[in-house]
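To start, the structure under review is shown below, and the notes come after it.
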Amino acid sequence: MLELHINGQTKRVQAEAETPFIYVLRNELGLVGTKQGCSLGQCGACTILVDGKALRACETATETLSGKSIVTIEGLKETFLQDAFIAEQAAQCGYCISGIIMTAAALLRTNPKPGKQEIKTALKDNLCRCGTHNRILKAIEKASQTHSESVRHV
Amino acid sequence: MSDLAKHFPPILTKYPLVKSWLKINPDNTVSVFPGKVELGQGIRTALAQIVAEELELPLQQICISEVTTQDSPDEGYTAGSASLEQSGLALRLAAAQLRESLRRAAALRYETPLELIDLKDGKVWQNETFLCGYAELKDWLEPDETISGQIAPKSPNTHKLIGQATQRLDILAKVKGEASFLHDIRLPEMVHGRILRPTVYGAKLKSLDITGLELTGLIRLERQGNFVGLVCQEEYQAVKALEKLTQRATWETFELPHFANIHNHLRALVTEDVVVKEGNPEATLERSEKRLEASYTTPYQAHTSVAPSCAIALFKDEHLTVWTHSQGIYPLRRELAKLLNRPEDSLTLIHKEGPGCYGHNGADDVAADAALLALAVPGKPVRVLWSLEQELQHEPYSPAMMLDIKAGLAANGKVNVWDFTGLTDTHVGRPGGTGDRLRAGWERSGTQLKWPGPSEGGYRNAETLYNLGEAKVTTKFYQGPLRVSALRTLGAFANTFANESFMDELAYLAGSDPVAFRLEHLDDRRARAVIEIAAQKANWQAHASPSGQGLGIAFARYKNVKAYVAQIVKLTLNSETAEIQIEKVITVCDAGQIINPDGLKNQLEGGTVQGISRTLYEEVHFDWDGDGMHDWDAYRVIGFETIPEIETFLIDQPALPILGAGEASMPPMAAAIANALYDATGIRMRDLPITPERIKKRLETLSETELEKVIL
């Protein structure tokens, strides 16, 4: 039995220690917002935040997360990012979006106002096959601008 | 009769009743039952707009039902940029009929002259006096009202929703990470299946020794011929079990031709010719002032959804229910019924969204896998998910193509003869009721997939809209070594790459500007308009030899009857690495009446990006023994780092019929890039993908006259 801190809650999970976290998240905890893509750490669909950093749930053994703070799309505080994706209509099939929003959230935590090239670099290992890239880039750029402005005004 | 009613959709002959398409609910919402499915293209949003518009309902009061074989009309496949043209028109006529029925019902109930009854904001009014909601008129409506096609849809100048950028109905759930996809469904007592398949292309199971094999959580190991699947209690148990099982299998290798030389190999396999357009080019070619010929090739390419295919099946009380992200639940039901030797009505298929598929990928195959395992484990829902490796190797590919064109120019510099010969495998291997189209089927029976034979997809856009004098178009079909089927635009991508590249080559041969040269050969006003606007937006400067600006244009009207698209690419070539960097793409589209401009733009942008990816990177490649396609490293696709700026311009034609546009921006993309590369460097690339290695190799093989034109 492992104890995990996820989205501000403590959860005990039955899964064996080496089980890739994606299966624990989606099957045992019922948090299906983290999408399963390649299962090889190549596509970014399953990106989560662990102690604020972007991590691939498919290549992370569950035991290594013990004592760390895990955030999934369901518990993401940066809802302004999601608002920006809606404003830009930045989705087609939408399967990659949750992982991309999590990658963007990790980026904005270390670099609150990234340039377009910095956003592109941060997303270099996130795949989108529908070709929604420009809307996604615009959504993240706008989200960072409006958010950093609102923070400054406060 | 209105123009729209003149185009009475054939589907309404099969489903003529309003209630097959629309249902008024007690809470005054309206349920819509489309037969077309959401593939990420935004069809549900556009259909909701159409129905809300005709019924004078707020968009929030429209509920688009899921597509199932229980409740939905059989509209076949959601494919070919046909959904808005067909399903959209059917629903528009159904909603117009219901609107008039509601008015008549209100007139009857309130004993009021019909002309005083108005529908507005989802309510019924007499002049400005509120009468009732739609639901209250239910008993006054004819229950089996037929869609006559005689009720004119609303006039475009009264539209409030159609033509307005409308937020996608599905986006909130998707950005919040809700259970939007089939992959996210967790049914009570659900168990997990995986399928044993070779890790190299085409190999056959030779032996499987399971002596002493212990698999944790195993519920069932099912073997029928060479179909082997397992079912475990937990998903990760199934993953581990499959790894162990794979180690116990030996395979008989399927020998493949050398991919370095694949096109020459395929040329020898031609079995059937289709003459698309009759003509006698030979004599005119002899007489032409100038002559040119060129051959173009495109590789096998894959759909490569962002995630592998998935299905869930449940066999209970002699009934099989399958949740699938197939593009066609009715054709798949017919196929499964035949494969499983069960009556069609003992199967229910329910469509759930999957990752974007862009055509016929593994979605149908995995549904058969899940069905076979569910039959072996009655009473429990069995979820089967392919691995990425399985998706990359076992999905049907888009066939490699070869396009040979000869043409001549008359003394006036115009094309007077054109002889196009395409070579392709078939583009349609979809399931539909023959029982032999799904992988599990031929593994089980030891049979081979029967070659589906030539079909339209191979010569899609082989003909052009240009006036080309004595023109002949032939497409030869080969039976290739790889399983193939429909990938977004089918043959139109390769055919347009060749046609539009060759038009550029001819323009330069004629000493003409590529834009002017195209316009000289085009009568169609809408075709001319998209080209002219694109040139204007790109600030195109006329030039009759490579200008060094790196601008290239291409045009196609998808299927020659759907949306018109012209694209201009601006790019640079890194002379050190030979890498192409596309800086900007301008797309101009005339898709007739636009329902959701933002949805249309999203689709056009997506097709543009996918078109760039197919032009610069994508290529299925195997070693002789089928080794090669294991993960994303083996099949490069475009990523965020090289995404260019894309500007998309729409020409709205509110009074004209809708023209399908879901695929329209992909066909011109490859030629626009190749033409821009030529404009930038003087290097003409005729083989896709245009990789740095190919560019370097091409430079080595240029003739002296060609080398003189190179600007690097």
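The values are calculated or read from the model by the stated rules, or taken from the named source; none is laboratory data. Please read these numbers as outputs of a predicted model, since none were measured by experiment. Methodologically, a virtual Cβ is constructed for each residue, glycine included, from the backbone with ideal geometry; neighbour enumeration extends over all protein chains shown. All accessible areas refer to the heavy atoms of the entire protein, side chains included, with ligands and DNA or RNA removed. Shrake-Rupley method; radii C 1.70, N 1.55, O 1.52, S 1.80 Å.
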If you bin every alpha carbon distance in segment B:267-371 into 10 Å steps from zero, what whole percent lands in each bin? 12, 29, 18, 16, 12, 9, 3, 0
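Within segment B:398-473, list the trypsin sites (Lys or Arg not before Pro) lying in a DSSP loop whose Cβ has at most 12 other Cβ atoms in a 10 Å radius.
Here the trypsin sites (Lys or Arg not before Pro) that fit, given the DSSP loop and packing criteria, are B:Lys450.
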Bridge type composition, chain B - antiparallel percent by DSSP, nearest 5: 75
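Applying 1/(1 + (r/R0)^6) with R0 = 45 Å to the Cβ-Cβ distance of A:Ala17 and A:Asp83, what FRET efficiency is obtained, to the nearest 0.05?
Calculated transfer efficiency: 0.75.
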What the 20 Å binned alpha carbon P(r) of the protein assembly as shown shows, as percent of pairs per bin from 0, is 15, 45, 34, 6, 0
Stokes-Einstein diffusion coefficient for segment B:584-712 at 25 °C in a medium of 0.890 mPa s, Rh from the Kirkwood formula over Cα pairs: what value in µm²/s? 145
Computed E for B:Asp118/B:Asn560 - FRET, C-beta separation, R0 41 angstrom, nearest 0.05: 0.45
Expressed as a whole percentage, what fraction of the accessible surface of the protein assembly as shown belongs to carbon and sulfur atoms when a 1.4 Å probe is rolled over the protein heavy atoms? 48
Hypothetical label at B:Arg220: residues of segment B:173-195 whose amide nitrogen lies under 16 Å (7 Å Cα-Cβ projection): B:189-195
Let me know the volume per residue of the alpha-carbon convex hull for segment B:3-150, in Å³. 111
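Which of rounded, prolate, oblate describes segment B:470-601, given a ≥ b ≥ c as roots of the alpha-carbon gyration tensor eigenvalues and a/c under 1.5 marking rounded, otherwise prolate only if a/b is larger than b/c?
rounded
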Cα-only Rg/Rh for segment B:107-261 with Kirkwood Rh rounds to 1.32
Assigning unit charges at the beta carbon (Lys, Arg +1; Asp, Glu -1) and nothing else, what dipole magnitude in debye, to the nearest 20, does segment B:3-150 show about its Cα centre? 160
Can you give me the accessible area per residue for segment B:474-543, using a 1.4 Å probe, in Å²? 28
Checking segment B:49-155 for trypsin sites (Lys or Arg not before Pro) in a loop per DSSP with at most 11 other beta-carbon atoms within 10 Å yields none
At most 13 other Cβ atoms within 10 Å and a DSSP loop assignment: could you name the GluC sites (Glu not before Pro) in segment B:161-270 that fit? B:Glu189, B:Glu214, B:Glu255
For B:Arg220, A:Arg56, what's the largest-to-smallest order of accessible area, 1.4 Å probe? B:Arg220, A:Arg56
Under the rule a/c < 1.5 gives rounded, and otherwise a/b versus b/c splits prolate from oblate, where does segment A:2-75 land using the Cα gyration tensor? rounded
By how many nm would the segment from B:Glu286 to B:Asp623 lengthen if fully extended, with 0.36 nm per residue of separation less the alpha-carbon distance? 117.0 nm
If Lys and Arg each add +1 and Asp and Glu each add -1, what is the summed charge of the other residues whose beta carbon sits under 11 Å from the beta carbon of B:Thr691? 0
Under a crude label model (7 Å from the Cα following the beta-carbon direction), how far is B:Ala165 from B:Leu449 in nanometres? 4.1
For chain B, rounded, prolate or oblate, judged on the Cα gyration tensor with a ≥ b ≥ c (square roots of eigenvalues), a/c < 1.5 rounded, else prolate if a/b > b/c? oblate
I want to check the label-to-label distance for B:Glu243 and A:His5. Put each point 7 Å from Cα in the C-beta direction and report it in nm to one decimal. 3.0
What does the charge add up to near B:Ala307, with Lys and Arg as +1, Asp and Glu as -1, over the other residues with Cβ less than 10 Å from its Cβ? +1
Taking 0.36 nm per residue of sequence separation and subtracting the Cα-Cα distance, how much length would be gained by fully extending the chain between B:Val710 and B:Glu532, in nm to one decimal? 61.3 nm
Rounded to the nearest 5, what is the percent of antiparallel bridges among the DSSP beta bridges in the protein assembly as shown? 75
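What FRET efficiency would be calculated for the residue pair B:Ser148, B:Thr572, taking the C-beta separation as r and a Förster radius of 60 Å, to the nearest 0.05?
0.55
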When DSSP assigns beta bridges and you keep just the ones with both residues in chain A, what percent turn out antiparallel, to the nearest 5? 85
Give a residue-ordered list of calculated ³J(HN,Hα) values for segment B:537-548 (Karplus: 6.51 cos²θ - 1.76 cosθ + 1.60, θ = phi - 60°; whole Hz; x for Gly, Pro). 5, 8, 6, 5, 9, 4, 8, 10, 8, x, 8, x
Which whole-Hz couplings ³J(HN,Hα) result when phi for each residue of segment B:133-146 is put into the Karplus expression 6.51 cos²θ - 1.76 cosθ + 1.60, θ = phi - 60°, listed in order with x for Gly and Pro? x, 5, 4, 5, 9, 3, 6, 9, 8, 5, x, 10, 4, 9
What net charge do the residues around B:Ser613 carry, taking every other residue with its C-beta under 10 Å from that of B:Ser613, with Lys and Arg at +1 and Asp and Glu at -1? +2
Once the Cα gyration tensor of segment A:79-153 is found, what semi-axes does its equivalent ellipsoid get, as square roots of 5 times the eigenvalues, in whole Å, sorted largest first? 19, 13, 10
Roughly how much of A:Leu49 is accessible, in Å² to the nearest 10, using a 1.4 Å probe? 0
What percent do you get for the relative contact order of segment B:536-595 when only Cα pairs under 8 Å and 6+ apart count? 28
Given labels modelled 7 Å from the Cα in the Cβ direction, how far is it in nm from A:Asn111 to B:Arg636? 2.3
Extension gain (nm, one decimal) between B:Asn412 and B:Glu189, 0.36 nm per residue minus Cα-Cα: 72.7 nm
With a cut-off of 8 Å between alpha carbons and a minimum separation of six or more residues, what is the relative contact order of chain B in percent? 14
